[in-house]
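Shown next, in structure tokens, is the structure this report addresses.
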Ligand code: ADP
Ligand code: MG
């Protein structure tokens, strides 16, 4: 029951306008603006400064980011124990809202790239997953949906006590469960089935993205790297098996973009694949015939195949089930089981953090 401190009076809080931030290098660029590594001359330390684009819509959304993050930092996680980035300050500068954060390390996508996209050792996958889950637990407790969980938005923490760690950043798309006003959210590869289909969403959408991230950390490449929304959905169906439940498909706004209604369920009409569904996903030809834009169906994108095959026999692990050491086989089985709880089509059955 935390109320949003949405109406922050920026003039009043901008008491520290004489503080100097000296730009050292650019850290990243995103939809909302640019992030610079700066020297904070007042505290004599490095900080990351996010400079939001000077357009009203971005400014407004950044106010939401500031509000949610200050609530998370101050009320939910005052002792900085739950792997959520710390916001230090914010101020307007030439119509740009600037937000300063503690300086963190590389994001997980950069880490995977450094590792030639071959995936991380299971020990790191486990540690990072546990820490991201810790953040998701407190976020769920506060009714906050991140809405853009992906490797680029999870950063390595600098090695203070030599233990590997991560923090969740970028609450620039976040919302509260009572205010799910946007329907076009989450980055495509990490977009949950209910968001793709246009169905009311909850904190469960972050758990879907989390599942995609865990798989990616292990195999090194995105789990559902679809070139279009249809491509993402058809990969989900192929890799996970099954499809979203019929009542979700019946009520979702975009079902007809992706599925064909093949009749109600009655004996003798057992839909397809023994799924007993009234819907089947469109074929690629049906999609191409319908879309004038003809989205490229990225067949050449890696990976495809069933989830357990992807985890057990990933090519450059150069192993297959047959010659996996017994301990590793058990780890893989446990990982597949874990992933199945996360990339679960039905948001009500999907595991909560
Ligand atoms: P956007 O909303 O534009 O995606 P982010 O907050 O995700 O902005 O920041 C963009 C990128 O900048 C991140 O992916 C990360 O690489 C870098 N970055 C952001 N915050 C920090 C930080 N506190 N420390 C180090 N790098 C950061
Ligand atoms: Mg981001």
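The values are calculated or read from the model by the stated rules, or taken from the named source; none is laboratory data. This one's a predicted model, so the numbers in the text were calculated from it and none came from an experiment. Positions of Cβ are generated from backbone atoms using ideal geometry, with glycine treated the same way; all protein chains shown enter the neighbour counts.
Answer yes or no as to whether residue 61 is surrounded by 13 or more Cβ atoms within 10 Å (Cβ to Cβ), within 13 Å of ligand 1 (Cβ to nearest atom) and under 21 Å from the mean Cα position of the chain (by Cα). It is true that residue 61 is surrounded by 13 or more Cβ atoms within 10 Å (Cβ to Cβ), within 13 Å of ligand 1 (Cβ to nearest atom) and under 21 Å from the mean Cα position of the chain (by Cα). Checking 195, 232 one by one, the residue that is farther than 29 Å from residue 121 by Cβ, modelled with pLDDT of 95 or more and assigned to a helix (DSSP H, G or I) is 195 and no other. Of the helices (runs of 4 or more DSSP H) lying entirely inside the range 262-353, those carrying at least 1 residues that are modelled with pLDDT of 90 or more and farther than 24 Å from residue 231 by Cα are 326-342. Residues in the range 27-47 that are within 6 Å of ligand 1 (Cβ to nearest atom) and out of contact with any strand residue (DSSP E or B) (no Cβ under 9 Å at 6 or more places or on another chain): 31 only. Being touching a residue at least 24 places away in the same chain (Cβ under 8 Å), crowded, with 21+ Cβ neighbours inside 10 Å, under 20 Å from residue 342 (Cα atoms) and more than 12 Å from ligand 1 (Cβ to nearest atom) is true of residue 128.
Could you check the range 45-89 and list, in sequence order, the residues that are in contact with a helix residue (DSSP H, G or I) (Cβ under 6 Å, 6 or more places away or on another chain) and over 30 Å from residue 130 (Cβ atoms)? Listed by number, the list holds a single entry, 52. Limited to the range 141-165, what total is found for residues that are surrounded by 13 or more Cβ atoms within 10 Å (Cβ to Cβ) and more than 12 Å from ligand 1 (Cβ to nearest atom)? Count: 7.
Each residue in the range 78-101 was checked for being within 30 Å of residue 141 (Cα to Cα), surrounded by 15 or more Cβ atoms within 10 Å (Cβ to Cβ) and over 21 Å from the mean Cα position of the chain (by Cα), and 8 pass.
For the range 48-58, taking the residues that are surrounded by 19 or more Cβ atoms within 10 Å (Cβ to Cβ) and under 17 Å from residue 174 (Cα atoms), the one that is farthest from ligand 1 (Cβ to nearest atom) is identified as 52. Any residue that is within 16 Å of ligand 2 (Cβ to nearest atom), closer than 19 Å to residue 348 by Cβ and in contact with a helix residue (DSSP H, G or I) (Cβ under 9 Å, 6 or more places away or on another chain) - is there at least one of those in the range 191-204? Yes, because at least one residue in the range 191-204 is within 16 Å of ligand 2 (Cβ to nearest atom), closer than 19 Å to residue 348 by Cβ and in contact with a helix residue (DSSP H, G or I) (Cβ under 9 Å, 6 or more places away or on another chain). Within the range 134-147, the set of residues being in contact with a helix residue (DSSP H, G or I) (Cβ under 8 Å, 6 or more places away or on another chain) and either within 16 Å of ligand 2 (Cβ to nearest atom) or under 24 Å from residue 103 (Cβ atoms) (or both) comprises 136, 138, 139, 144, 145, 146, 147. The number of residues in the range 154-178 being within 16 Å of residue 62 (Cα to Cα) and either within 16 Å of ligand 2 (Cβ to nearest atom) or without any contact (Cβ under 8 Å) to a residue 60 or more places away in the chain (or both) comes to 7.
In this structure, residue 187 does not satisfy being touching a residue at least 40 places away in the same chain (Cβ under 8 Å) and either within 16 Å of the chain's Cα centre (by Cα) or within 12 Å of ligand 1 (Cβ to nearest atom) (or both).
Away from ligand 2 (no atom under 16 Å from the Cβ), under 21 Å from residue 341 (Cβ atoms), surrounded by fewer than 22 Cβ atoms within 10 Å (Cβ to Cβ) and under 15 Å from the mean Cα position of the chain (by Cα): is that true of residue 123 in this structure? When the stated conditions are applied, residue 123 does not pass them.
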